[in-house]
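Structure first, then comments.
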Amino acid sequence: MERLFDPALHSAGLAALEAALNRGLSLAPAGKSELTTLSGRVFALECESPPFIAYLQPQDDGSVRLMSVYEGTVATRIRGSAGDFAELAGSQDPASTLINGSLELVGDSAPLLELQAILGRLDVDWEAPLVDTFGDVAGHQVAQIARNGFSFGKRVGVSLSRQLDEFIHEEARLSPPRLELEDFYRDVQDLNLQVDRLDSRIKRLRKRLDQAG
Amino acid sequence: MSDKDTTHFGYQTVDKDDKAGMVAGVFHSVAARYDLMNDLMSGGIHRIWKRFTIELSGVRRGNAVLDIAGGTGDLAARFADLVGDQGRVVLADINDSMLRVGRDKLIDGGHAGNIEFVQADAQDLPFPDDSFDCITIAFGLRNVTDKDRALRSMLRVLKPGGRLLVLEFSKPGNEVLSKAYDTYSFKLLPLMGKLVANDSESYQYLAESIRMHPDQETLRDMMEDAGFSRCEFHNMTGGIVAVHRGVKS
């Protein structure tokens, strides 16, 4: 695959991401120890547009290593466009998106689903670094404020999203509701199949006419 | 002095027998502040260049790795983690001051058991034939008096299928970048050396030795001439640095 970035830039980006991931993992000891079961396996994430590749390898100590180059055996390779990866990242059901989406899977899918399950189960203890910095009492209070703030923000976000959805679909009628849209797509697909069948029928009749003539 | 007996020491032409001693003088002088100066001079990017070199090395559990001109042990420390208890890493440097700093830093960092420290000349490596799965030399080849002899010596001690990685300053591909890099190297670098390490001459030599080092294509040809196959290079940071890789067939 042609390189889009200078190797130094590519490595620097992965180094920063690796540091952030490992910092997060260090706050989730249970998930970290689960990751050791995948130690040594290499997962390739291959984005075709824009061209970008990263290899992820869980280590013996439960940390992860990100690489821009790997020439050994890859357990699972996931290939797709940036949009496909974004869809996976934002998906409510990543396993279903992986299997039914436009991403191409090469190799053994079992370790990948296991990795996805471990990451999905990660219970990151965000309070630990705050307690380390501010002490038990102040750290817990800061964490509580942050948690309440986050929870409030999440509730507001969900409520806003629902109200916006209702306004767009039901009140302003700017866009059809999801079910209507799915029904329309099904009709288009049926029509497509019928046209294909009609086309085949016409071809067959034309062939018969040619043979008769 | 005939051409055959001379070599470059920065922009100076010196007797071949004198270069090793002059280079040793430079590194004795900078050893104590080597890591600090590397971080200052490169803005920390040297760590990224080394990271990419390690990725390209393909070193894995159980491998034997030789890090020549290993200096303060940045590569050796990472290799020691990768090869594990079953593997072996040899940190070699011709300069005892650099080797001492590297050894102290690695032991203080908890790296022991699978690392050996050897004072060795890259031109005459004191190891049996076919000993290592991977050899690296980072920012060291340009200081070697006879580079062809050093490359042949590395080929000898590599196992068949083993990889040599040469990480070294090179020639920027872009004219504008090249001009900016020249200004930085000859104006700012010696000034930084003066202020931080109180040694502008050593850093003047650094800038000059980089300019006298073979460019990407020439070094690749030298590796092929020494007997390496599948030789290739990857430019980094616009070609300011390149990592060359060759395989012993």
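Kindly evaluate A:R41 against the criterion of being in contact with a Pro (Cβ under 9 Å, 6 or more places away or on another chain), within 14 Å of chain B (Cβ to nearest Cβ) and either in a helix (DSSP H, G or I) or not aliphatic (A, V, I, L, M) (or both). Yes; evaluated as a whole, the condition is true for this residue. Report every pair of residues separated by at least 6 positions or lying on different chains whose Cβ atoms are under 6 Å apart, first residue within the stretch B:117-131 and small (G, A, S), second open to solvent by less than 30 Å² (accessible area, probe 1.4 Å). Once the first residue is small (G, A, S) and sits in the stretch B:117-131, its partners that are open to solvent by less than 30 Å² (accessible area, probe 1.4 Å) give B:A120/B:A92; B:A122/B:I68; B:A122/B:V144; B:A122/B:A150; B:S131/B:V157. Among residues that are of a type in the set (A, V, I, L, M), within 12 Å of another protein chain (Cβ to nearest Cβ), touching a residue at least 12 places away in the same chain (Cβ under 8 Å) and open to solvent by 20 Å² or more (accessible area, probe 1.4 Å), B:I94 is not included. For A:A110, the criteria (1) open to solvent by less than 70 Å² (accessible area, probe 1.4 Å); (2) without any contact (Cβ under 8 Å) to a residue 12 or more places away in the chain; (3) under 23 Å from the mean Cα position of the chain (by Cα); (4) farther than 25 Å from A:L21 by Cα hold in every case but one, which is (4). Here the helices (runs of 4 or more DSSP H) wholly within the stretch B:167-249 that include at least 3 residues being polar (S, T, N, Q) are B:200-212. Every condition in (1) surrounded by fewer than 22 Cβ atoms within 10 Å (Cβ to Cβ); (2) more than 11 Å from every other protein chain (Cβ to nearest Cβ); (3) touching a residue at least 24 places away in the same chain (Cβ under 8 Å); (4) on the phi < 0 side of the Ramachandran plot holds for B:D108 except the one numbered (3). Could you say whether any residue in the stretch B:51-64 is farther than 18 Å from A:Y55 by Cβ and more than 14 Å from chain A (Cβ to nearest Cβ)? The answer is yes, given that some residue of the stretch B:51-64 is farther than 18 Å from A:Y55 by Cβ and more than 14 Å from chain A (Cβ to nearest Cβ).
Taking the condition of being more than 24 Å from A:P111 (Cβ to Cβ) and in contact with a strand residue (DSSP E or B) (Cβ under 6 Å, 6 or more places away or on another chain), how many residues in the stretch A:7-57 meet it? Going through the stretch A:7-57 one residue at a time, the tally reaches 2.
Here the strands (runs of 3 or more DSSP E) wholly within the stretch B:1-107 that include at least 3 residues being more than 30 Å from B:N198 (Cβ to Cβ) are B:64-68, B:88-93. Exactly one residue among A:S11, A:S81 is within 25 Å of A:L103 (Cα to Cα) and either of a type in the set (A, V, I, L, M, F, W, C) or open to solvent by less than 20 Å² (accessible area, probe 1.4 Å) (or both), and that residue is A:S11.
The values are calculated or read from the model by the stated rules, or taken from the named source; none is laboratory data. Fair warning: this is a prediction, and the values are worked out from it, not measured in the lab. Glycine also receives a Cβ, built like all others from the backbone with ideal geometry; neighbour counts cover every protein chain displayed. Only protein heavy atoms, including side chains, enter the accessible area calculation; ligands, DNA and RNA are left aside. Shrake-Rupley method; radii C 1.70, N 1.55, O 1.52, S 1.80 Å.
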